[in-house]
Amino acid sequence: MNDYVFRSPLASGAPFIPANLGELDDQLASMMLEAPTFVDRLGFLPDQTIDSRFHQLDTALSRVKPKLGAESYAKAVELSARAKALFLSDPDMTNGKTKEGVWLLDEISQLITDARRRRVKAKLRDDEGEVTGD
């Protein structure tokens, strides 16, 4: 009998925190799909909650603050707080607040896209020394 049990490499106990703009944008895309509860429906991340996902988002935003710029960072943090409040007020997707929250996450994504474009235009190098926008 095979006793193999699949364990996600992400289920190590420590949450993955995006370290660059590209990873942060990927996280936002996944959050839009997980809204409004942010519970892992497949069970690979049983401790994942709305609080843990927004902790990841807010921590990642602080990591990339220099790349976003102070104004975009402040706007992203404000949008994050508003989005979380909207998701909390619509856990069953019955009052339209989830849709509004997803729009706010998309606004954060747009701020990231704008920052990436500015970085490419200015030919700023990423952590690996390449001009990628990260």
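The values are calculated or read from the model by the stated rules, or taken from the named source; none is laboratory data. If you're wondering where the values come from, they're calculated on a predicted model, not measured in any experiment. Here the Cβ is made from the backbone with ideal geometry for all residues, glycine too, and neighbour counts use every protein chain on show. Side chains are part of the model used for accessible areas, which takes the heavy atoms of the whole protein and leaves out ligands, DNA and RNA. Shrake-Rupley method; radii C 1.70, N 1.55, O 1.52, S 1.80 Å.
Some points to look at:
- All Cα pairs of the chain, percent lying beyond 21 Å: 45 percent
- Percent carbon-and-sulfur accessible area, the chain, ignoring ligands, DNA and RNA, probe 1.4 Å: 55 percent
- Each residue was assigned an accessible area with a 1.4 Å probe, and for Phe16 the value is about 100 Å².
- Calculated accessible area for the chain comes out at 62 Å² per residue, all protein chains present (probe 1.4 Å; ligands, DNA, RNA ignored).
- For the pair Phe44 and Lys75, the difference between a 0.36 nm per residue extended length and the Cα-Cα distance amounts to 7.9 nm.
- Given 15 as the ceiling on other Cβ atoms within 10 Å, longest exposed-site-free region of the chain for GluC sites (Glu not before Pro) in DSSP loops: 1-127
- Most fluctuating residue given options Arg118, Arg63, Arg41, as computed from a GNM of the chain linking Cα atoms under 10 Å: Arg41
- In the chain, lysine pairs with alpha-carbon atoms under 26 angstrom apart (chain gap of 8 or more, or interchain): 15
- Listed residues Leu57, Leu21, Leu42, most fluctuating in the chain (Gaussian network, C-alpha, under 10 Å): Leu42
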